[in-house]
Amino acid sequence: MTTLRIEPQLAIPETLIHWEPTEHPVISCYVDWRVSGRGLHEAQTIVRKELHTTQGQLAERGAARESFDADFDRLLNYLENDADRTARGIAIYACHGRNLWWIVTLGVPLPTQTHTGVRPRLLPLAEATQEAVRTLVALVDTNEARLIRLDRGGKHEAPGPHRDHWKNVHHSNLGGWSQANYQRSVDTMIDRFARDVAETIGDHTAAEHLDHIALAGDLVITAPVLSALNPQLRDRVDTIERIDIRASLDEVAERIWPQVRGNAERDRDAEAQRLLDLAGTERALTDPTLVREQLEAGRVDSLALDPQAMDDDSAELLIREALTHRSRLIITRGNQPLAELGGLVASLR
């Protein structure tokens, strides 16, 4: 079972978690930073429109308006000129009156939305991060391997094994026994290369603490690589895709991300079910009042919640308490058994 934990992966500053309200509003801006079919970052228009609407709801003068206006200009300028063009999602927290300006870029998209209130809105960032389980993509052909890591920060590539001496194997036109020997040589080299790739996958998976593995390339090599993996690693292989070895990082990510997000959802549902199975015993609670009491006391080990089954403020409170006390946090939507119990379940330490 994959252990889902927001900290330390997110490393949300303590300032945001324990933010105390003042007269200065906090803008929480979430941006789907993918390029549209027209080659544009359409999110900028949405952000500008939403912030303009909020601006019209504030008093024309005063500390709150001055802080908001400064953040409005800085945020739009950042998206226009300084945002990382390779990111797929961006979260921005701003409060000029309290010197807050914190940005995190993501390798996963998230719905574009802005929220202005007395505290930062953390749910969208926590949820987006949990959709990005750490995955190693081994893109291979019979001569080389590319190792691509996908996680919340995006995509990162490292070189894999390369069969430089492959060119020393020449096809014989003699047929018969020579042809058979040639084929055996080819098969032997493929198997040997597959073992090299499998060993490297194991090393990277352990070193990078990766949750899932995807194999991509030609079936001539992906099948032997799968067979060469040890049983524990083989269980982590979630998908095998046919992708050309020369594919760009973006092309690989576009093909694999849907599977990554599906794996994350499966892991969260399974973990939520594990906690639900404990409900009704002394090891787990579902009563909202009791759960909050135990969270505040730091006695909750794992907390699963469905934001659709509660209001936003309640979800935010639960997330802050979980982050404060380093409780494991599982966010899942549309979980009917969980919703029927009030949308949350917590196991105790």
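Any read-out appearing in this document is the output of simple, stated calculations on the displayed coordinates, not a laboratory observation. Bear in mind the structure is a predicted one, so any value in this text is a computation, not a measurement. Cβ: placed from backbone, ideal geometry, glycine included. Neighbour counts: every protein chain shown.
Within segment 71-147, list the trypsin sites (Lys or Arg not before Pro) lying in a DSSP loop whose Cβ has at most 10 other Cβ atoms in a 10 Å radius. Please list the in-between numbers first.
Working: sites: R74, R85, R88, R98, R121, R134, R146; in loops: R85, R88, R121, R134.
When the trypsin sites (Lys or Arg not before Pro) of segment 71-147 are filtered for loop state and at most 10 Cβ neighbours within 10 Å, R85 remain.
For the chain, the longest principal axis of the Cα atoms and the long axis of helix 63-77 meet at an angle of about 20 degrees. For segment 267-348, the direction-averaged projected area of the alpha-carbon convex hull comes to 4.4 nm².
Quick one: in segment 177-302, what % of C-alpha pairs are over 18 Å apart? Within segment 177-302, distances greater than 18 Å cover 69 percent of Cα pairs. Straightening the chain between D311 and T281 buys 8.1 nm, computed as 0.36 nm per residue apart minus the Cα-Cα spacing. For the pair segment 33-51 and segment 69-93, the centres of their Cα atoms are 11 angstrom apart.
Once the Cα-Cα distance is subtracted from the 0.36 nm per residue extended length, the R38 to H209 segment shows a gain of 57.8 nm.
Given the Cα atoms of segment 20-118, and with Rh set as the inverse mean 1/r over their pairs in the Kirkwood sense, what is Rg to Rh to two decimals? Taking Rh as the inverse mean 1/r over Cα pairs, Rg/Rh reads 0.98. Between N143 and Q273, the FRET efficiency from the beta-carbon distance, with R0 = 35 Å, is close to 0.20.
Calculate for the chain the 222 nm mean residue ellipticity that helices alone would give, adding -39,500 (n - 2.57) per DSSP H run of length 4 or more and normalising by residue count, nearest 500 deg cm²/dmol. Can you show the working numbers first?
Values: 11 runs with 146 residues, N = 349.
Value at 222 nm, helices only: -13500 deg cm²/dmol.
Taking a Cβ cut-off of under 15 Å around T86, the surrounding Lys, Arg, Asp and Glu residues balance to a net charge of -2, with basic ones at +1 and acidic ones at -1.
For the chain, just list the percent of Cα-Cα distances falling in each 20 Å bin from zero outward, please. Spelled out bin by bin, the chain gives 26, 47, 21, 5, 0 percent.
Placing a pseudo-label 7 Å from each Cα along the Cα-to-Cβ vector at E340 and E199 gives an inter-label distance of 5.2 nm.
Helix 312-324 axis versus longest C-alpha principal axis of the chain: approximately 70°, rounded to the nearest ten. Relative to the longest principal axis of the Cα atoms of the chain, the long axis of helix 219-228 lies at roughly 80 degrees. A cut-off under 15 angstrom between Cβ atoms defines the neighbours of V137, and their net charge, with Lys, Arg +1 and Asp, Glu -1, is -4.
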